[in-house]
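Right, one structure below, let's go through it.
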């Protein structure tokens, strides 16, 4: 199939120069919903040389290296002006502090990274979570997961379009726990006003920028009255004093979990502390079809790292040509949109959406039999069609 395709799409750079973001965003309603949001911190800066952007690439564990190669292939085909600086960082217990530090330095230099998921050895209490270390040291305080339905993908609910905003650096993930005496473990949930205000403001500002109508604060303040009570009071006060135009509600996390499963359309943006966010992100991804479909953005004031939404490593899929590459492709799209390559992002996103809309091209995880390579081959053909759509939009 690929023999009929040109090696690259030279039109993309021309489109970037001549097509405004307003024109790009008015092509197709369903496609628009599928597209990733435009997120960029005003303090962010990117490594750019001769019009090309350098980004950090961390393959990670499981199918991560395979998915990264697919993204590189798509970017090369679409002539996305991005060069990858590869950092070999995995959850292997032999991974050194030097390797971790090299990856962090690379992301700080480039401003952005694309990362495969990494496991954590939960059986070893001394084992570090590489994911957590990256989020902490780079202060990637907001994890944003946009879950949107695709009509052809089997799901109990249709029309889902919910954004989960998770505090990413403290709470139950502070990493401070110890065995006080044999058989008695203390685990500290660290919550600070500064970081809780920061994540709440992020959610409200996101709503303003993207025309979202409602923010739901998810909490357990009925039991954790001091920690979650602080989070709830900050959200409530901020909504009333600074964002009266946005509808605000608060919901206890156990009820929110049930409501998300039974009636997801009631939610727009959901903001919450760290642990609840981890759980509800996975629920939301499951509602729209599973872990192979949704990307996740980790945003800080200066840096950003993009990955799959559920951080599933897919260890059982290594080398089988069965993995759904959608989540990682969308992570790549999120990344290039973040650095301002909106035309390239829209071309790939629209092509991906159109490919997913063909039921006979579904991979095994969403009820089909298509292989990874077959899916990608058709996706590249759809990129050619997307080119023509944008050419028509220009004329």
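The values are calculated or read from the model by the stated rules, or taken from the named source; none is laboratory data. Predicted, not measured: the structure shown is a model, and the values here were computed from it. Methodologically, a virtual Cβ is constructed for each residue, glycine included, from the backbone with ideal geometry; neighbour enumeration extends over all protein chains shown.
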Looking only at the range 319-347, and only at residues there that are out of contact with any strand residue (DSSP E or B) (no Cβ under 8 Å at 6 or more places or on another chain) and farther than 19 Å from residue 57 by Cα, the one that is surrounded by the fewest Cβ atoms within 10 Å (Cβ to Cβ): 319
Can you list residue pairs whose Cβ atoms sit under 9 Å apart, with the first residue in the range 76-96 being on the phi > 0 side of the Ramachandran plot and the second being part of a loop (DSSP other than H, G, I, E, B) and modelled with pLDDT under 85? Count only pairs 6 or more apart in sequence or on different chains. 79/8; 79/9; 79/10
Determine if the range 156-165 includes at least one residue that is modelled with pLDDT of 95 or more and more than 30 Å from residue 361 (Cα to Cα). yes
Can you find even one residue in the range 295-317 that is part of a helix (DSSP H, G or I), free of Cβ contacts under 8 Å to residues at least 40 places away in the same chain and either in the same structural domain as residue 133 (by TED's automatic domain parsing) or crowded, with 24+ Cβ neighbours inside 10 Å (or both)? yes
Tally time: how many residues in the range 363-389 are surrounded by fewer than 16 Cβ atoms within 10 Å (Cβ to Cβ) and closer than 18 Å to residue 32 by Cα? 2
Restricting the range 265-278 to residues that are in a helix (DSSP H, G or I) and under 19 Å from the mean Cα position of the chain (by Cα), which is surrounded by the fewest Cβ atoms within 10 Å (Cβ to Cβ)? 275
Which condition number does residue 360 fail, the rest of (1) touching a strand residue (DSSP E or B) at 6+ places or on another chain (Cβ under 8 Å); (2) in the same structural domain as residue 59 (by TED's automatic domain parsing); (3) crowded, with 20+ Cβ neighbours inside 10 Å being met? (3)
Given the conditions (1) touching a helix residue (DSSP H, G or I) at 6+ places or on another chain (Cβ under 6 Å); (2) crowded, with 21+ Cβ neighbours inside 10 Å; (3) modelled with pLDDT of 80 or more, which single one is not true for residue 15? (3)
For residue 109, indicate whether it is surrounded by fewer than 20 Cβ atoms within 10 Å (Cβ to Cβ), in a helix (DSSP H, G or I) and touching a helix residue (DSSP H, G or I) at 6+ places or on another chain (Cβ under 9 Å). no
Being in contact with a strand residue (DSSP E or B) (Cβ under 9 Å, 6 or more places away or on another chain) and either surrounded by 12 or more Cβ atoms within 10 Å (Cβ to Cβ) or touching a residue at least 60 places away in the same chain (Cβ under 8 Å) (or both) is true for just one of 172, 179. Which residue is that? 172
Can you tell me which of 102, 92, 131 is under 22 Å from residue 274 (Cα atoms) and either surrounded by fewer than 17 Cβ atoms within 10 Å (Cβ to Cβ) or not assigned by TED's automatic domain parsing to the domain that holds residue 178 (or both)? 131
Looking only at the range 202-210, decide whether some residue is under 22 Å from residue 113 (Cβ atoms) and touching a strand residue (DSSP E or B) at 6+ places or on another chain (Cβ under 9 Å). yes
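Could you say which residue among 55, 80 is over 19 Å from the mean Cα position of the chain (by Cα) and either closer than 16 Å to residue 333 by Cα or modelled with pLDDT of 95 or more (or both)?
80
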